[in-house]
Amino acid sequence: MQRIGVFVCHCGTNIAGTVDVAAVSESLGKEQGVVFSTHYQYMCSQAGQDIIKNAIAEYKLTGIVVCSCSPRMHETTFRKTAAAAGINPYMVEIANIREQCSWVHKDTISGTEKAIILGKAAVAKVNLNAPLTPGETPVTKRALVIGGGIAGIQTALDIADAGFPVDIVEKKPTIGGKMAQLDKTFPTLDCAACILTPKMVDVAQNDKIRIFSYSEVTSVKGFVGNFDVTIKRKARYVKEDVCTGCGACTEKCPQKKVPNEFNLGMDNRRAIYIPFAQAVPKVATIDPDYCMMLKTGKCGVCSKVCTAGAIDYKAKDEYVEEKYGAIVVATGFNPISMDKFDEFAYSQSKDVITSLEFERLTNAAGPTQGKLLRPSDGEHPHTIVFVQCVGSRCDSCSEKGKEYCSKICCMYTAKHAMLTRDKYPDTDVYVFYIDVRTPGKNFDEFYRRAVEEYGVHYIKGMVGKVSPEGKKLMVQASDLIAGKQLHIEADLVVLAAAIEPDKSARPLATMLTASMDTNDFFTEAHPKLRPVESPTAGVFLSGACQGPKDIPETVSQAGAAAAKVIGLLCKDKLTGNPCVAHSDEMMCNGCSTCEKVCPYGAITYVDKEFRMPDRTTRVRRVAQVNEAVCQGCGCCTVACPSGAMDLKGFAGKQIMAEVDAICR
Amino acid sequence: MADMERKREQILRISGVNPRKCMRCGKCTATCPSYDEMEYHPHEFVYMVETGEIEPLLKSESLYKCLSCMACVERCPRGVEPGKLVEAIRLVAVREKGGDRITANDIPALLDDEMPQQAIVTAFRKYQK
């Protein structure tokens, strides 16, 4: 039998203005199990909390009901008060008579009546409450960062800086990601490589950071603080610890016709290659799809020229198993395919390119050594048309594009247009836009500079079609402000392709049981207040995997994710939420329904030996809840057909008692 | 006024177009092959129906200059389908008393070796009640 104390708060006039608090206190004093009932001006104040503490001692209370504001506001406060006075904090219930009562009612009679009913429900629940103790789990003090672009690099550096070991898993042969492919960065126009490569070197030299390049995560098990991850290290046919990165093999390899993905296929590389000069790790990789030795067994030139003896044609994929306390997803983005946009003739003409291809064309390390030349004939283009929003901001039913704004295109197009006019004043540069969106520090100023100082023609309207005619591209577009249809003879057309999450994100989300939106961007735990955490405990988000982002924003988010990881890894033990699911093994029929509905992967099935009444034993398959992973959402309790699943602190019978008290 | 509002409703119902979906990019007009022939262009059709300026559209020659090629419908990123709107307005125009654009008597004059007969049949079907 509980001994319950009821404490009704006035909250100044917030509650007392519409609710007769004395009447509430008096009425609840008569409820079953209530031995003490009072009211006070501000229960959350020190004086109010002292009233609770004194009453606990004086009346030997075992349960507390506080009729006050939302539990979101002060449940923690009153739980701490109870704990300080020696009562289990989970014996405290809050009846929300402010947000759900006094604030929404105007007259005192109905307000008081409702407050009493809400109080009765809370008393009914406390009568059935049991003390709960949160479990503790140890924390593996190592973090995993999936993706080695600027997001992953920054997160890893920040975590390592705090003294925790970090592993980066990158599927490409080198870290660096998209930023390594860029030429200049807006709005300050510093060279991307100049600011990125020192960070890549920092990663390589940091003894807390290990890089698993050319590797992929293939399985994730476990839970926050204790993830078991399998990493596939794809065979690169070059011993990573032996190769010196001298590049002799990449010059002698006879297979010269391999499209170079780093330059987006605009030039060729060899079958053995180092993606770019500043690659980290600077180790060669053999492309098994093109290597003659691997395909036909005839060649072996690279092995002959390699003075270090690093070539190993017999290498196999290896699987590494590691334990981590936290996982950061930094899988990044890609431009969408332009194949379905026939109107822009992307697949018909080499001179219609995407903005990322334009980056490579203007990059000193690119296929043209930074000279802006037409891909078709290598001539200098004089008229360049930029088309914005290609595949962004489409109808939700669109099969070609995305519904969202890709966010970065307005700025990089302004950058491309400005730099082109700066380097080649003899060019005519047109930018067709629907809206120019430049919120960001010094962003709009940058765009205006492109227009006012560099004379880029910004035209409000869209390009309708591009048709290759001889060496020219005929661009038909509308100028909505002048009310004209324009026909421009262009030499080069640049499409600002929408960006989408990397294709590896969806299978990874499944492995992590992390949620995604309809566009395959990872969902954050709260869009405003928990923007770098996934709803799955221990999984954090960094960069464009969570939504379109530019570099400054990505770096900020990467640092924020690192801070969250550090906060987690600093703890020796994790205290769980004790309000978790619990299965009654005697009632469980082993149907697996709960396992299927659990969004967090907290439920597993075990074969367990049970002693029968006749002293025989029997093995039955029963559900087991991992309390460290369970978030107490209650899906399983609803799905369980045999009624074996229940939520501690929110058991079916407790909820029913509340409902009964309200309906009484 | 009430009559115009009724016609606007009728146009929206026939076409199934929601002009509010338009984000004013002008791609429809950019892609239109009849641009030079038209007084009002596809994006203006959408905008004017949205704001209720139906009367000038009903009287406009543009209704008969539209080739119904549906390039604007195909290219619109927002799925607004301006071409269907033009069709619907033309239907409303020809359904009015005396609104026939073409009668059987006009056909002999139109016949020549250059013009495919199919085009005349189509025009007859489209421009007449």
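The values are calculated or read from the model by the stated rules, or taken from the named source; none is laboratory data. Everything numeric in this text was worked out from a predicted model, so none of it was measured. As a convention, Cβ positions derive from the backbone with ideal geometry for all residues, glycine included, and neighbour counts pool all protein chains shown.
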Open item on the list: For segment B:18-29, check the following and say yes or no: at least one residue is surrounded by fewer than 14 Cβ atoms within 10 Å (Cβ to Cβ) and farther than 18 Å from residue A:394 by Cβ.
Closed with: no
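Take residue B:47 and decide whether it is within 14 Å of chain A (Cβ to nearest Cβ) and either within 14 Å of residue B:11 (Cα to Cα) or surrounded by 14 or more Cβ atoms within 10 Å (Cβ to Cβ) (or both). Can you show your working first?
On the way: within 14 Å of chain A (Cβ to nearest Cβ): yes; either within 14 Å of residue B:11 (Cα to Cα) or surrounded by 14 or more Cβ atoms within 10 Å (Cβ to Cβ) (or both): yes.
For residue B:47, the condition - within 14 Å of chain A (Cβ to nearest Cβ) and either within 14 Å of residue B:11 (Cα to Cα) or surrounded by 14 or more Cβ atoms within 10 Å (Cβ to Cβ) (or both) - is met.
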Open item on the list: Looking at (1) over 30 Å from residue A:556 (Cα atoms); (2) in contact with a helix residue (DSSP H, G or I) (Cβ under 9 Å, 6 or more places away or on another chain); (3) within 14 Å of another protein chain (Cβ to nearest Cβ), which one does residue A:397 not meet, given that it meets all the others?
Closed with: (2)
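Which residues, taken from segment B:111-122, are in contact (Cβ under 8 Å) with a residue 12 or more places away in the chain and out of contact with any Leu (no Cβ under 8 Å at 6 or more places or on another chain)? Break it down into steps so the answer makes sense when it comes.
Step one: filter segment B:111-122 for residues in contact (Cβ under 8 Å) with a residue 12 or more places away in the chain, giving B:120.
Listed by number, the list is empty, since nothing qualifies.
May I ask you to say which residue of B:8, B:13, B:24 is assigned to a loop (DSSP other than H, G, I, E, B) and either more than 14 Å from chain A (Cβ to nearest Cβ) or not polar (S, T, N, Q) (or both)?
B:24
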Task: Members of segment A:267-278 found to be surrounded by 24 or more Cβ atoms within 10 Å (Cβ to Cβ) and in a loop (DSSP other than H, G, I, E, B), listed by number - done: A:270, A:271, A:274
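Quick check on my filter: what residues within segment B:68-83 are within 9 Å of the chain's Cα centre (by Cα) and within 14 Å of another protein chain (Cβ to nearest Cβ)? Explain how you work it out, then say what you get.
Residues of segment B:68-83 within 9 Å of the chain's Cα centre (by Cα): B:68, B:82-83.
Once the filter is applied, which keeps residues that are within 9 Å of the chain's Cα centre (by Cα) and within 14 Å of another protein chain (Cβ to nearest Cβ), segment B:68-83 yields B:82, B:83.
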Task: Residue that is nearest to the other protein chains (Cβ to nearest Cβ) [pool: residues in segment B:35-44 that are outside any helix (DSSP H, G or I) and surrounded by 16 or more Cβ atoms within 10 Å (Cβ to Cβ)] - done: B:41
Open item on the list: Name the single residue that is nearest to the chain's Cα centre (by Cα) among those in segment A:374-389 being of a type outside the set (A, V, I, L, M) and within 12 Å of chain B (Cβ to nearest Cβ).
Closed with: A:389
Open item on the list: Exactly one of these conditions fails for residue A:420: (1) crowded, with 20+ Cβ neighbours inside 10 Å; (2) under 29 Å from residue B:73 (Cα atoms); (3) away from chain B (no Cβ under 14 Å). Give me its number.
Closed with: (2)
Task: Single condition residue A:544 does not satisfy, out of (1) assigned to a loop (DSSP other than H, G, I, E, B); (2) buried (at least 21 other Cβ atoms within 10 Å of the Cβ) - done: (1)
Open item on the list: Can you find a residue that is assigned to a loop (DSSP other than H, G, I, E, B), away from every other protein chain (no Cβ under 14 Å), buried (at least 21 other Cβ atoms within 10 Å of the Cβ) and at pLDDT 95 or above anywhere in segment A:426-435?
Closed with: no
Task: Check on residue A:64, in contact with a strand residue (DSSP E or B) (Cβ under 6 Å, 6 or more places away or on another chain), closer than 27 Å to residue A:108 by Cβ, part of a helix (DSSP H, G or I) and among the aliphatic types (A, V, I, L, M) - done: no
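Going by what's in this entry, would residue A:320 be described as out of contact with any Phe, Trp or Tyr (no Cβ under 9 Å at 6 or more places or on another chain), modelled with pLDDT of 95 or more, over 25 Å from residue A:375 (Cα atoms) and outside the structural domain of residue A:369 (by TED's automatic domain parsing)? Break it down into steps so the answer makes sense when it comes.
Numbers: out of contact with any Phe, Trp or Tyr (no Cβ under 9 Å at 6 or more places or on another chain): no; modelled with pLDDT of 95 or more: yes; over 25 Å from residue A:375 (Cα atoms): yes; outside the structural domain of residue A:369 (by TED's automatic domain parsing): yes.
When the stated conditions are applied, residue A:320 does not pass them.
Suppose the filter is within 12 Å of chain A (Cβ to nearest Cβ), acidic (Asp, Glu), under 27 Å from residue B:119 (Cα atoms) and touching a residue at least 12 places away in the same chain (Cβ under 8 Å); does residue B:61 pass it? Before you say what the answer is, go through the steps one by one.
Numbers: within 12 Å of chain A (Cβ to nearest Cβ): no; acidic (Asp, Glu): yes; under 27 Å from residue B:119 (Cα atoms): yes; touching a residue at least 12 places away in the same chain (Cβ under 8 Å): yes.
So residue B:61 fails the test.
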TODO: State whether the residues of segment A:19-32 include one that is within 22 Å of residue A:651 (Cα to Cα) and of a type outside the set (D, E, K, R).
DONE: yes
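Would you mind finding the one in A:101, A:69 that is touching a residue at least 40 places away in the same chain (Cβ under 8 Å) and touching an Asp or Glu at 6+ places or on another chain (Cβ under 7 Å)? Before the answer, list the steps.
Working: A:101 fails: touching an Asp or Glu at 6+ places or on another chain (Cβ under 7 Å).
Matching residue, one of A:101, A:69: A:69.
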TODO: Six or more apart or on different chains, Cβ under 7 Å: which pairs go from a residue in segment A:196-210 that's over 24 Å from residue A:141 (Cα atoms) to one that's part of a helix (DSSP H, G or I)? Could you list them?
DONE: A:196/A:150; A:196/A:179; A:196/A:180
Task: Residue in segment A:171-184 that is surrounded by fewer than 21 Cβ atoms within 10 Å (Cβ to Cβ) and under 26 Å from residue A:566 (Cα atoms) present - done: yes
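Among the strands (runs of 3 or more DSSP E) confined wholly to segment A:586-664, which include 2 or more residues that are surrounded by 19 or more Cβ atoms within 10 Å (Cβ to Cβ)?
Details: elements: A:603-611, A:617-625, A:645-647.
Per the criteria, A:617-625, A:645-647.
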Open item on the list: So, in segment A:354-389, how many residues would count as being of a type in the set (D, E, K, R), surrounded by fewer than 18 Cβ atoms within 10 Å (Cβ to Cβ) and within 22 Å of residue A:414 (Cβ to Cβ)?
Closed with: 1
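Quick one: which of A:5, A:12 is of a type in the set (Gly, Ala, Ser) and touching a residue at least 60 places away in the same chain (Cβ under 8 Å)?
Values: A:12 fails: touching a residue at least 60 places away in the same chain (Cβ under 8 Å).
The conditions single out A:5.
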Task: Unique residue being free of Cβ contacts under 8 Å to residues at least 40 places away in the same chain and of a type in the set (Val, Ile, Thr) when the list is A:296, A:307 - done: A:296
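Residue-by-condition table, conditions (1) surrounded by 15 or more Cβ atoms within 10 Å (Cβ to Cβ); (2) of a type outside the set (A, V, I, L, M); (3) farther than 29 Å from residue A:191 by Cβ:
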residue	(1), (2), (3)
A:447	yes, yes, no
A:464	yes, yes, yes
A:479	yes, yes, yes
A:496	yes, no, no
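So which of A:398, A:392 is on the phi < 0 side of the Ramachandran plot, modelled with pLDDT under 95 and not acidic (Asp, Glu)?
Numbers: A:392 fails: modelled with pLDDT under 95.
Within the list A:398, A:392, the selection yields A:398.
Going through B:125, B:90 one at a time, which residue ends up being of a type in the set (D, E, K, R) and surrounded by fewer than 20 Cβ atoms within 10 Å (Cβ to Cβ)? Can you show your working first?
Working: B:90 fails: surrounded by fewer than 20 Cβ atoms within 10 Å (Cβ to Cβ).
Checking each option against the conditions leaves just B:125.
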TODO: Go through (1) farther than 13 Å from residue A:413 by Cβ; (2) among the small types (Gly, Ala, Ser); (3) within 14 Å of chain B (Cβ to nearest Cβ) one by one and return the number of the condition residue A:392 breaks.
DONE: (1)
Task: Filter result (under 19 Å from residue A:661 (Cβ atoms) and assigned to a helix (DSSP H, G or I)) within segment A:15-61 - done: A:23, A:24, A:25, A:26, A:27, A:28, A:29
- [ ] Kindly list the number of the only condition in (1) farther than 25 Å from residue A:187 by Cβ; (2) in contact with a Ser or Thr (Cβ under 6 Å, 6 or more places away or on another chain) that fails for residue A:369.
- [x] (2)
